[in-house]
Amino acid sequence: MQEPSIVKLPDERLFCVMRTTRGSPYYSISNQGADKWADPKPLKYNDDSEPLKHPLSPCPIFQYEKDKYFILFHNHDGHYKDFGPLDTQKHRRPIYLAKGVYSKKAKQPITFSEPEFLMDHTGKGLGISDRHDLAMYCSFTQMNGNNILWYPDRKFFLLGKILPL
């Protein structure tokens, strides 16, 4: 597990999502003091669903309202087009968004919607390393009523996209 992305839950615990090599992100939850963490588990849409599909790529989660979140992921396990799980510069696309809502009674305290396609590019690589990825090394800001995602396209261009959350 690598590259944690952390949000604060309404009950003061922390919810951490991490990329893995298993074709799905994992999550862990802290106690209220954040000095202890639960054993990591596969991230699911809800307690009864299959895990989200995601290759070895960052999978950031952001909070946009008190009890509302969104996560970005690729919606495949690393087998994409002609690429396999080790082709990390080639299969980190397209990007999907799932909205999440805090659920006090659920084992996994954020329940996610079905994935919504967010973006992709033409598939043409850039640079001497022929990068194809829409790696999720991104940030999120809110300004003048807009939810703005800032992200690198193939690690060459910094772009901003207004999200309809």
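Here are a few things to note about the model shown:
- For the chain, a crude dipole built from +1 on the beta carbon of Lys and Arg and -1 on the beta carbon of Asp and Glu, taken about the Cα centre, is about 140 debye to the nearest 20.
- The residues 48, 133, 67, when put in order of fewest to most other Cβ atoms within 10 Å, stand as 48, 67, 133.
- With contacts taken as Cα pairs under 8 Å at a separation of at least 6 residues, the chain carries a relative contact order of 15 percent.
- Dipole orientation for the chain: of the candidates 54, 159, 102, 159 has the Cα lying most toward the positive pole (charges on Cβ; Lys, Arg +1; Asp, Glu -1).
- Euclidean distance of C-alpha centroids, region 118-165 and region 1-65, integer Å: 22
- Long pairs among 36/105; 36/155; 107/155; 66/107; 53/155, criterion Cα-Cα beyond 31 Å: 36/155; 107/155
- Among [x] -0.52, -0.80; [y] -0.60, -0.88; [z] -0.66, -0.88, the entry that matches log10 I(q)/I(0) by the Debye sum over Cα atoms at q = 0.12, 0.15 Å⁻¹ as calculated here: [x]
- In sequence order, region 158-163 has phi-based couplings of 9, 10, x, 9, 6, 9 Hz under the Karplus curve 6.51 cos²θ - 1.76 cosθ + 1.60, θ = phi - 60°, and Gly or Pro positions carry x.
Where a number appears in this text, it was derived from the coordinates with a stated rule and is not lab data. Everything quoted here is computed from the prediction, not taken from an experiment. Quick reminder, even Gly has a Cβ in these numbers, built from the backbone with ideal geometry, and neighbours come from all protein chains shown.
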